[in-house]
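Trainee: Below you'll find the structure I mean.
The values are calculated or read from the model by the stated rules, or taken from the named source; none is laboratory data. Please read all numbers here as calculations on a predicted model, not as lab measurements. Here the Cβ is made from the backbone with ideal geometry for all residues, glycine too, and neighbour counts use every protein chain on show. Heavy atoms of the whole protein, side chains included, go into the accessibility calculation; ligands, DNA and RNA do not. Shrake-Rupley method; radii C 1.70, N 1.55, O 1.52, S 1.80 Å.
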Amino acid sequence: MGLLRVMMPPKFQLLALLAFAVAMFFLENQIQKLEESRGKLERAIARHEVREIEQRHTQDGLREREAPASSLSENDDVVIIYNRVPKTASTSFTNIAYDLCGKNHYHVLHINTTKNNPVMSIQDQVRFVKNVTEWREMKPAFYHGHVSFLDFTKFGVKRKPIYINVIRDPIERLVSYYYFLRFGDDYRPGLRRRKQGDKKTFDECVSAGGSDCAPEKLWLQIPFFCGHYSECWNVGSHWALEQAKYNLVNEYMLVGVTEELEDFVMMLEAALPRFFKGATELYKTGKKSHLRKTSEKKPPTKESIAKLQQSAIWKMENEFYEFALEQFQFVRAHAVREKDGELYLLAQNFFYEKIYPKN
């Protein structure tokens with residue numbers, strides 16, 4: 001280098017030093033970038049390893065949780081959905097399920113929708129179906145809430161829940177709901193209701209053509225059974241009526257009527273003892289089964305009833321009620337007998353014979 005400086009003019013020596021300095025700076029910069037890249041790579045590898053460990057822990061946890069679930073018996077892997085129609089004695093019946101759940105070892109879950117909206121969004125439908133079918137810690141389960149029928153087969157579910165329900169004479173249901181909004185009931189007497197302070201009777205409402213007693217307010221039991229289709233909620237839709245009938249016969253194990261609730265409870269106990277063992281006796285003797293009664297309710301006059309019965313909406317809702325009542329009475333006739341004023345369930349009426357091959 002010394003010989004080079006002697007042979008090179010000073011001007012070129014300065015240029016050489018600058019070039020050398022630039023080259024060293026460039027090399028140091030590249031080395032620093034390589035060090036940074038190496039650090040990023042090491043951190044990425046570390047994060048990947050952490051994720052693998054977390055995934056292994058998650059999978060191990062899932063396997064641990066699924067291990068006992070896989071041993072669920074057929075009787076335990078059952079879900080009942082009671083999509084209760086308002087003012088049909090649904091609270092009285094649900095109280096029986098709450099009283100029995102500890103003794104019969106199942107879970108009761110209330111489906112509480114915002115503002116009691118009976119129609120779920122599509123994303124909530126997916127969540128609900130997933131919860132009901134996969135929430136193994138809650139099985140066996142009894143779900144209840146003011147929600148319209150939801151077809152689980154649309155979501156690819158193999159094992160559907162068991163649907164049950166209770167309906168009521170449409171005018172009696174509307175009258176009960178009318179006074180409930182104004183005076184409440186003896187279940188939570190201190191709770192302020194939406195129409196509290198309105199002293200107008202149901203007859204006065206009908207006479208004045210009020211909105212709370214209009215025939216459109218009768219349109220409720222049909223859409224609850226029809227489901228989550230838009231046409232179900234079009235008041236007076238004949239398609240909705242037929243769909244509700246179809247669902248009642250094909251999707252519900254049993255639909256009772258408020259006026260014959262004890263028979264409904266008795267048949268459920270016979271068909272589903274895993275849930276309802278002891279329900280009939282509890283209904284007859286328990287305090288909660290008759291707890292909820294609408295306060296200040298006045299029966300409507302014949303004139304008010306006749307005016308409502310002139311509407312096409314009442315005729316459709318009443319047709320659905322009569323259809324449900326006939327189906328319930330048909331099922332009951334093949335399950336229950338009366339003797340000395342008491343109802344009793346028929347014993348098993350089938351057996352097996354001619355079993356081959358003989359061993």
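Trainee: Inside the stretch 245-359, counting only helices (runs of 4 or more DSSP H) that do not spill past its ends, which hold 1 or more residues that are open to solvent by less than 30 Å² (accessible area, probe 1.4 Å) and either under 21 Å from residue 101 (Cα atoms) or free of Cβ contacts under 8 Å to residues at least 12 places away in the same chain (or both)?
Mentor: In the stretch 245-359, 261-271, 273-276, 279-285 are the helices (runs of 4 or more DSSP H) which contain 1 or more residues that are open to solvent by less than 30 Å² (accessible area, probe 1.4 Å) and either under 21 Å from residue 101 (Cα atoms) or free of Cβ contacts under 8 Å to residues at least 12 places away in the same chain (or both).
Trainee: Being part of a loop (DSSP other than H, G, I, E, B) and under 14 Å from the mean Cα position of the chain (by Cα) is the filter; apply it to the stretch 150-186 and report the residue that is farthest from residue 221 (Cα to Cα).
Mentor: Here the answer is 160.
Trainee: Same structure, new question: When you go through (1) assigned to a helix (DSSP H, G or I); (2) over 30 Å from residue 326 (Cβ atoms) one by one for residue 112, which number turns out not to apply?
Mentor: In the conditions (1) assigned to a helix (DSSP H, G or I); (2) over 30 Å from residue 326 (Cβ atoms), residue 112 misses (1) alone.
Trainee: I'd like the full set of residues that are surrounded by fewer than 17 Cβ atoms within 10 Å (Cβ to Cβ), modelled with pLDDT of 95 or more and among the β-branched types (Val, Ile, Thr), limited to the stretch 104-129.
Mentor: Listed by number, the residues that qualify are 122, 126.
Trainee: Answer yes or no as to whether residue 132 is under 25 Å from residue 247 (Cα atoms), under 11 Å from the mean Cα position of the chain (by Cα), at pLDDT 95 or above and open to solvent by less than 10 Å² (accessible area, probe 1.4 Å).
Mentor: Yes.
Trainee: Looking at (1) over 20 Å from residue 331 (Cα atoms); (2) in contact with a strand residue (DSSP E or B) (Cβ under 9 Å, 6 or more places away or on another chain), can you tell me which one residue 266 breaks?
Mentor: Here residue 266 clears every test but (1).
Trainee: Please pick out the residue among 86, 140 that is touching a residue at least 60 places away in the same chain (Cβ under 8 Å), in contact with a His (Cβ under 8 Å, 6 or more places away or on another chain) and over 22 Å from residue 243 (Cα atoms).
Mentor: Checking each option against the conditions leaves just 140.
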